[in-house]
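The values are calculated or read from the model by the stated rules, or taken from the named source; none is laboratory data. Because the structure is a prediction, the values reported are computed rather than measured. Cβ placement follows ideal geometry from the backbone for every residue including glycine, while neighbour counts extend to all protein chains displayed.
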Amino acid sequence: MSKFSENPSIKKLNEDINGMQLLLRLATPFGWMNKKMRHSITESKERLHLMKTQLEELLSIADEFNESFSNDGWIAYEHMSLDVMKETVVLHKSGQTEQAKQTLLNYYAPSAIKVRKFMLNNIEPFRIRFSLIDSALKNYSDKQYLACIPQLLMLMDGIVNDVNKKGGFAANNTQMEVWDSISGHNSGLNKIKEIITRSRKKTTTEPIFLPYRNGILHGRDLNYGNQELAAKCWGILFAISDWATAFYSEEQRKIEFKEEIDLQQVPLRESLRQLAEQKEKNEQVRKAIEAWIPRKILIGDTTPETGNAECYGYGTPERAVVEFLGLINKCNYGFMLKLMRSGYLGLGEGDTSQISDIRNDFSKLKIDSFRIVDIKDCAPASSEVIIEVKVLQHGNSFTRICDFKLHYENDGETAVFGYLPGVWKIVLGYSDLLYDRKHNLKSEARQKRTKVE
């Protein structure tokens, strides 16, 4: 007997999840330089793992429920509570069969049926029989099981006949299997049909707990009036409701399923193309890193000791530092903030309220002159620029040594200097302009604390 996991939509969903997990595994090496991509891949992996776990649990529980209880007249269907199925399967596995049965009896208690009966009113063959359903429910509530059970068996026959137009539930030519459904799975209503139609040729007064239609309606099974059998009949009726919904939508669902598969081929090919492009790009980045060597810089020879920003190579870290010094004299605190990585004092990028803090600290400072002392390319995305600056502050002139640490990035992500276009952002060093070096230790400690917080 097949499993629910073999239903077409379930197989497709499982294949989709496996496909996405494969794509994410392929994409993982490509996100090594991109923080946003790494975060997105990690989140997607977690969501897919949870989805796959939940799907496997659902399928496992539904299969186990039918394996454990279908011989006794209970089956799973689309609208049945997963929690109830799970609880009864656990009880059954632990040998607590009576407790499992009681859980199902509680699920199909008259009060519960009264709440859920309106689910049956959405389908025409049920709707025109709703007064009979109400009558059966009244007999069930009044414990008139001898009247309730035949009513439910007759309702099953009539409703199935109206849906498939070929015969009642018990008819020989009636096939209850429906494409891609739970109630119409071969372990569901078809299994119940085998029980319903069993031959009952001898009259018996022994209690029965299975819905032997022929024996009950033909007057051979006389002792059928009990709550357990009535509850099972209600369960079958609800399963037939879900079966009817699946039956009516079967052809349209097949069409939509095929269309969805066809449509998914395009984004799959596009994803593979993008992965191939990203792989090529990452390979080029790796080669650029391996080929990277620090520049040979001679201050006063290859690089001017002082001058305006245009005197320095475009896109170099030293030009970024000189531009920063110029912005101080222009009182352009907004652009100063843009040149700071992680914002002012590490308070975070994008917060324009930091401009007022920069203004408070730098408005009384002017750059009188500077000279570059040293430039060190420390790594493909990291450089250090040491300058001696003469500043005017509070009417006094001071000479300060500033050690600027800079980071190279493209669209907020680390980049390789000389390979991709990008910008140099100042990480540390601007506070050296405000204080003597011995006081800057306090400032640096403050920046580090702020980053941690």
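Being part of a helix (DSSP H, G or I) and hydrophobic (A, V, I, L, M, F, W, C) is the filter here, so list the residues in the stretch 103-113 that pass it.
Passing the criteria: LEU104, LEU105, ALA112, ILE113.
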If a residue counts only when it is basic (Lys, Arg), surrounded by 14 or more Cβ atoms within 10 Å (Cβ to Cβ) and assigned by TED's automatic domain parsing to the domain that holds SER81, which helices (runs of 4 or more DSSP H) contained entirely in the stretch 114-230 have at least 2 such residues?
189-196
Is at least one residue of the stretch 303-325 modelled with pLDDT of 85 or more, closer than 22 Å to LYS390 by Cβ, touching an Asp or Glu at 6+ places or on another chain (Cβ under 7 Å) and in a helix (DSSP H, G or I)?
yes
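So that you can scan it fast, the table gives a plain yes or no per residue for (1) acidic (Asp, Glu); (2) at pLDDT below 90; (3) closer than 13 Å to ASP432 by Cα:
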| position | (1), (2), (3) |
| --- | --- |
| GLY343 | no, yes, no |
| GLY348 | no, yes, no |
| SER353 | no, yes, no |
| ILE358 | no, yes, no |
| LEU365 | no, yes, yes |
| ASP374 | yes, no, no |
| HIS394 | no, yes, no |
| LYS405 | no, no, yes |
What number goes with the only condition from (1) in contact with a Gly (Cβ under 9 Å, 6 or more places away or on another chain); (2) modelled with pLDDT of 95 or more; (3) of a type outside the set (Gly, Ala, Ser); (4) closer than 24 Å to LYS143 by Cβ that ILE195 does not pass?
(2)
The stretch 74-96: number of residues that are surrounded by 22 or more Cβ atoms within 10 Å (Cβ to Cβ), touching a Lys or Arg at 6+ places or on another chain (Cβ under 9 Å) and in contact (Cβ under 8 Å) with a residue 40 or more places away in the chain
2
Show the residue pairs meeting these rules: Cβ distance below 9 Å; 6+ apart or different chains; first residue within the stretch 278-300 and assigned by TED's automatic domain parsing to the domain that holds ARG319; second residue of a type outside the set (A, V, I, L, M) and at pLDDT 85 or above.
none
Hits in the stretch 173-197 (condition: touching a Leu at 6+ places or on another chain (Cβ under 8 Å) and over 30 Å from GLN252 (Cβ atoms)):
ILE195
